[in-house]
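A.B. asks: If you scroll down you'll find the structure; I have some questions about it.
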């Protein structure tokens, strides 16, 4: 009886082990080995808002493309946090490194220091194992208190080898490419005069008062690939 009971117990344990879910693997877009930023007063700040992501990939599981019209959700391959948080954290780190600035989103900061507000809307976040990682994003930069806004689109496509580690690394490089474009745009916006004088309008009748009509905000071109590469190298 004891032998039979032991066999039943071992058999049940083996069955449970066979039915148990495999261990999940977790990936992050951080940990790129970037140089530390000196803890000095920055000449300007930026506020990177939460990143908008497509709903079909806004989950912890990796979602990979199997065809242009079909995806597969990988239960055992997961992001350490939601993809929008992963992209925002990596993008904030890259912008900090490239600009020597500080991300002060949700943090009190001195009013005397210029602040640039950055918004990113990822429209495509595609993972093609053994082929490519794609980030297609529309982004904008605006100086706080200014009506001048730069809105651009960046499509970053990185070729990847087989394996999910390579796929995640491809997305990490794509985020870096996006950060370089935003850095170049922020530098372009920062080169503008702080205030633009308005054009005088006709004097008010009988009062001798000259009113000022605000000048239209300048239209800035989106940064070229060469400008983005220069921003990345700085």
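The values are calculated or read from the model by the stated rules, or taken from the named source; none is laboratory data. Quick caveat: nothing in here was measured; it's all calculated off a predicted structure. When we count neighbours, we look across all protein chains shown, and the Cβ atoms used for this are built from the backbone with ideal geometry, even at glycine.
A.B. asks: Have a look at 166, 179, 174, 90 and point out the one that is touching a residue at least 40 places away in the same chain (Cβ under 8 Å), out of contact with any helix residue (DSSP H, G or I) (no Cβ under 9 Å at 6 or more places or on another chain) and either under 18 Å from residue 45 (Cα atoms) or in a helix (DSSP H, G or I) (or both).
C.D. replies: The conditions single out 174.
A.B. asks: Determine, yes or no, whether residue 130 is over 23 Å from residue 88 (Cβ atoms), modelled with pLDDT under 95 and outside any helix (DSSP H, G or I).
C.D. replies: Here the answer is no, as residue 130 does not meet what is asked.
A.B. asks: While we're on this one: Any idea which of (1) touching a residue at least 60 places away in the same chain (Cβ under 8 Å); (2) surrounded by 15 or more Cβ atoms within 10 Å (Cβ to Cβ) is the one residue 133 doesn't satisfy?
C.D. replies: All conditions are met except number (1).
A.B. asks: Looking at segment 92-101, is at least one residue touching a strand residue (DSSP E or B) at 6+ places or on another chain (Cβ under 6 Å), modelled with pLDDT under 95, more than 20 Å from residue 137 (Cα to Cα) and crowded, with 19+ Cβ neighbours inside 10 Å?
C.D. replies: yes
A.B. asks: State whether the residues of segment 136-144 include one that is surrounded by fewer than 17 Cβ atoms within 10 Å (Cβ to Cβ) and in a strand (DSSP E or B).
C.D. replies: Yes, some residue in segment 136-144 is surrounded by fewer than 17 Cβ atoms within 10 Å (Cβ to Cβ) and in a strand (DSSP E or B).
A.B. asks: Related question: Got a number for residues in segment 80-91 being in contact with a strand residue (DSSP E or B) (Cβ under 6 Å, 6 or more places away or on another chain) and crowded, with 16+ Cβ neighbours inside 10 Å?
C.D. replies: 1
A.B. asks: Going by the structure shown, is residue 59 in contact with a strand residue (DSSP E or B) (Cβ under 9 Å, 6 or more places away or on another chain) and either at pLDDT 95 or above or surrounded by fewer than 14 Cβ atoms within 10 Å (Cβ to Cβ) (or both)?
C.D. replies: It is true that residue 59 is in contact with a strand residue (DSSP E or B) (Cβ under 9 Å, 6 or more places away or on another chain) and either at pLDDT 95 or above or surrounded by fewer than 14 Cβ atoms within 10 Å (Cβ to Cβ) (or both).
A.B. asks: Suppose we keep only residues that are crowded, with 21+ Cβ neighbours inside 10 Å and more than 25 Å from residue 61 (Cα to Cα) within segment 103-130. Which one would you say is nearest to the chain's Cα centre (by Cα)?
C.D. replies: 118
A.B. asks: Read through the list (1) in contact (Cβ under 8 Å) with a residue 40 or more places away in the chain; (2) more than 12 Å from residue 51 (Cβ to Cβ); (3) surrounded by 15 or more Cβ atoms within 10 Å (Cβ to Cβ); (4) in contact with a helix residue (DSSP H, G or I) (Cβ under 8 Å, 6 or more places away or on another chain), then give the number of the only condition that residue 156 fails.
C.D. replies: (1)
A.B. asks: Can residue 46 be described as in contact with a helix residue (DSSP H, G or I) (Cβ under 8 Å, 6 or more places away or on another chain), over 15 Å from residue 171 (Cβ atoms) and surrounded by 19 or more Cβ atoms within 10 Å (Cβ to Cβ)?
C.D. replies: The answer is yes for residue 46.
A.B. asks: Which of (1) at pLDDT below 90; (2) surrounded by 13 or more Cβ atoms within 10 Å (Cβ to Cβ); (3) in a loop (DSSP other than H, G, I, E, B) is the odd one out, the single condition residue 147 does not satisfy?
C.D. replies: Result: residue 147 fails condition (2) only.
A.B. asks: Looking at (1) assigned to a loop (DSSP other than H, G, I, E, B); (2) closer than 23 Å to residue 147 by Cβ, find the lone condition where residue 81 falls short.
C.D. replies: (2)
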